[in-house]
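Below is one structure, written out as structure tokens; comments come after it.
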Amino acid sequence: MPHVLVAGAGPVGLTTAVLLAEAGMTVEVFEAGEAISTQPRASTFHPPTLDLLHRIGIAEPLIAQGLKAPVYQHRDRERGLVANFDHAVLAGDTAFPYRLQAEQHKLCELLLGRLGDTVRFRHRVLAVSQDDDGVAVRVEGPGGPRTARGDYLIDAGGAPGAVREALGIAFEGFTYEDRYLVLLTTFPFEDHLEGLEKVNYISDPDEYVVLLRAPDAWRVLFPVREEIRDPEIWERMLQGVVASPVPYEVIHHQLYFIHQRVAERFREGGVLLIGDAAHINSPIGGMGMNNGIHDAFSLAGAMSRPDGTGDGPDGSGGGPKSSGGGPDGSGDGPDGPDGGGPDRDRALDIWARQRREVALEYVRIITDRNARALGEKDPGRRLLAQREMAAAAADPVRAREWLLDSSMLNAVRGQGLLPC
Ligand SMILES: Cc1cc2nc3c(=O)[nH]c(=O)nc-3n(C[C@H](O)[C@H](O)[C@H](O)COP(=O)(O)OP(=O)(O)OC[C@H]3O[C@@H](n4cnc5c(N)ncnc54)[C@H](O)[C@@H]3O)c2cc1C
């Protein structure tokens, strides 16, 4: 069994590490930070992600710490409610027909509990080189720099991409002009906006808003062109969502740059790029972390059962679906660095290509469309899109089709990670 090094203890690196450890591999995780990051980023877990996490016994404790959101809502700042999409129509498709609202660090803490001291905090991966024996990773830790050796390095170091850059892999795409200001507030929006759900996309040509209920607080996401640190401006922005005689209490604020970028390739020999290290997208629709977790399950399948047989920890009964011969990597390849043979080498090539396709052709397209629709300036186009949404939400057959995409079930099924 290979010895696998993982850069980054975010949700994706830790999911990968747990899956590989449960498949019998030895794993060492290097995390630059002192602890799991508690930055307010992902809060939405989609149904297929819960189906996958269920297989490793993580879904249930996560659900116990989160809030179930069976319905998500589209609103218009002027017109009010546009559409309610109810995941109940997915009852025959998933064991978890709802979005789970839970902070991403809660998933990380649960996974960390499985890994113990194989996760080394305050260890930053600086560089990587490869030879016939595998990968050599230069790591800066409290005791100074050292070199760790493994058969593979999984780069789950997020968007900064130290490993990706060291390998000269381009991160192709663009950065939106809008940045996102996320304000966490104790204000009870649910008492002021009738019928408000826990996940709400509120369109507006000038200033759209995303209102998300997480267990800790409401998260209010605004598009902004520059950093805003002035609490009086935050107050004005929040008063524009719901006028309150009592000033808003903002308990946290964070600014994010937003990108649509996908790495030129997800594999370079024994180095695999995964999660935000491989792809980043607009958070509208809540797909980035979910997609990274799907990368992890798919990669664990390719590494532990490269011939597509047997049951591993993810229970999917196989690695990535083979897609025929030729340059897709299905021909004979060299032995993997740990002697894993051509099967694993081939499976990893297929994994890299398939996951890149999902990032490019599914997540990038849907999240970009979501982000642009929310801020649509043309009144005619905005109205048409809203009518389309309302009609889809009102018809159970169309609502199911819509939700199969927005919940990422189609993406996961297309890869054979979950049965159709
Ligand atoms: C405002 C916002 C809201 C979002 N909401 C959602 C949502 O609801 N649902 C969703 O699916 N996604 C959402 N996302 C996206 C989601 O947060 C990311 O996709 C997710 O965090 C990616 O996980 P990751 O493990 O790949 O990377 P990260 O979470 O970035 O973790 C990478 C880890 O690697 C460490 N690291 C970095 N460099 C090194 C190095 N050189 N050596 C060692 N360690 C290193 C970092 O310290 C970090 O701990 C949102 C993003 C934003 C900005």
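Readers should treat all values here as calculations from the given coordinates under stated rules, not as data from a laboratory. Please read all numbers here as calculations on a predicted model, not as lab measurements. Here the Cβ positions follow ideal geometry from the backbone for every residue, glycine too, while neighbour counts run over all protein chains shown.
The ranking of 15, 367 from fewest to most other beta carbons within 10 Å of each one's beta carbon is 367, 15. Go from 0 up to the bin containing the longest alpha carbon distance in the stretch 176-257, width 5 Å each, and give me the % of pairs per bin. Computed distribution, short to long bins: 3, 14, 28, 29, 18, 7, 1. Answer with one residue from 113, 209, 280: the one whose Cα lies farthest towards the positive end of the charge dipole of the chain, charges on Cβ with Lys, Arg +1 and Asp, Glu -1. It is 209.
To the nearest ten degrees, helix 11-22 and the longest principal axis of the Cα atoms of the chain are 40 degrees apart.
Which of the GluC sites (Glu not before Pro) found in the stretch 133-198 are loop residues per DSSP with 12 or fewer other Cβ atoms within 10 Å of their Cβ?
Numbers: sites: 140, 165, 172, 177, 190, 194, 197; in loops: 194, 197.
Those satisfying the criteria are 194.
For the stretch 1-109, the calculated P(r) over all alpha carbon pairs, in 10 Å bins from 0 to the bin holding the longest distance, is 13, 35, 30, 16, 5, 1 percent.
Relative to the dominant Cα principal axis of the chain, helix 379-394 is inclined by about 70°.
State the number of lysine pairs found in the chain whose Cα atoms come within less than 30 Å, restricting to pairs 8 or more positions apart or on distinct chains. Before the final figure, lay out each step's value.
Details: 68/106; 68/198; 106/198; 198/377.
Lysine pairs, 8 or more places apart or on different chains, close enough: 4.
Note on 37, 282: ascending count of other Cβ atoms within 10 Å places them as 37, 282, the fewest first.
One decimal place: the segment residue 357-residue 191 gains 55.5 nm when fully extended, by the rule 0.36 nm per residue minus the C-alpha distance.
Extension gain for residue 246 to residue 126 (0.36 nm times residue separation, less C-alpha to C-alpha distance): 38.3 nm. For the stretch 19-94, GluC sites (Glu not before Pro) meeting the loop criterion (DSSP other than H, G, I, E, B) and having at most 10 other Cβ atoms within 10 Å: 34, 78. Nearest-5 percent of antiparallel DSSP beta bridges in the chain? Taking every DSSP beta bridge within the chain, about 75 percent pair in antiparallel fashion. Between residue 172 and residue 391, the simple spin-label model (points 7 angstrom out along Cα→Cβ) gives 3.6 nm. Helix 341-358 axis versus longest C-alpha principal axis of the chain: approximately 20°, rounded to the nearest ten.
Calculate the dipole size of the stretch 176-257 relative to its Cα centre from +1 charges on Lys and Arg beta carbons and -1 charges on Asp and Glu beta carbons; express the result in debye to the nearest 20.
Here the size comes out at about 220 debye.
Note on the stretch 370-413 and the stretch 13-57: Cα centroid distance 30 Å, given to the nearest whole angstrom.
Working from Cα pairs under 8 Å separated by at least six residues, relative contact order for the chain is 20 percent.
Using helices alone, what [θ] at 222 nm do you get for the chain, with -39,500 (n - 2.57) per DSSP H run of 4 or more residues, divided over all residues and rounded to the nearest 500?
Numbers: 12 runs with 134 residues, N = 420.
For the chain, the value works out to -9500 deg cm²/dmol.
Between the beta carbons of residue 372 and residue 257, assuming R0 = 22 Å, the FRET efficiency works out to 0.80 to the nearest 0.05. When 121, 174, 85 are arranged by Cβ crowding within 10 Å, least crowded first, meaning fewest neighbours, the order is 174, 121, 85.
Comparing mean-square fluctuations of 306, 145, 342 from a GNM of the chain with C-alpha springs under 10 Å, the top value falls on 145.
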